[in-house]
Structures are given as structure tokens and as C-alpha cells.
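Colleague: Sharing a structure here in C-alpha cells format.
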Amino acid sequence: MTLNIPDSVLQGLRIPEAEIAQRLRTELAIALYAQGALSLGKAAELAEMRRMPFGELLGERGIARN
């Protein structure tokens, strides 16, 4: 699956260009986990992180682990 993001949105991001793809994957994974749409393991996989660091990131964001 490919997600197309308008250039104007990408240019408006205040994220270094080299970090954009990873940050967007991570933010999507966090949001989907928080909504209950993904399990912890699948959200971590989407974020391309191991479960433990992803769980720690959730804690830093104040998102309870289910």
C-alpha cells in the first residue's frame, strides 16, 4: 500500500526531511494503537520498532497499554 501525501503538506512539516517517513509511520502506529485498531505488536511493526521501545514511547505519550 502506498499513501500519497501532498507536497504542500510535506513542505509544511517541521520535521527534517530525512526523518519524515519514519516519523509518519511512528505517529500513525501510535494513533492506531490508541484507537484500538492495532495490537501492540502490529503497531510496533508498523513503526519499525521493537515492542519494548514502542511501549516506552506510548508511556511517554501518556497512552495506556491495553
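Colleague: Tally up the carbon and sulfur contribution to the accessible surface of the chain as a whole percent, 1.4 Å probe, everything protein left in place.
Modeller: 53 percent
Colleague: Can you tell me the orientation of helix 51-60 relative to the chain, as the angle in degrees between its alpha-carbon axis and the longest Cα principal axis, to the nearest 10?
Modeller: The helix 51-60 is inclined about 80 degrees to the chain.
Colleague: Counting helices only, and only those DSSP H runs with n ≥ 4, report the 222 nm mean residue ellipticity of the chain as the sum of -39,500 (n - 2.57) divided by its residues, in deg cm²/dmol to the nearest 500.
Modeller: Rounded to the nearest 500, the figure is -16500 deg cm²/dmol.
Colleague: Taking the solvent-accessible surface of protein heavy atoms with a 1.4 Å probe, what is the per residue accessible area of the chain in Å²?
Modeller: Per-residue accessible area for the chain comes out at 76 Å².
Colleague: With axes computed from alpha carbons, what is the tilt in degrees of helix 20-34 against the longest principal axis of the chain, rounded to the nearest 10 within 0 to 90?
Modeller: Tilt relative to the chain: about 40 degrees.
Colleague: Another question, if that's okay. Give the calculated FRET efficiency between E60 and M1 to the nearest 0.05, with a Förster radius of 35 Å applied to their Cβ-Cβ distance.
Modeller: Efficiency computed from Cβ-Cβ geometry: 0.80.
The values are calculated or read from the model by the stated rules, or taken from the named source; none is laboratory data. All of these numbers come straight from a predicted model, not from anything done at the bench. FYI the Cβ positions are ideal-geometry reconstructions off the backbone, even for glycines, and counts take in every protein chain you see. Accessible surface areas use protein heavy atoms only, side chains included; no ligands, DNA or RNA. Shrake-Rupley method; radii C 1.70, N 1.55, O 1.52, S 1.80 Å.
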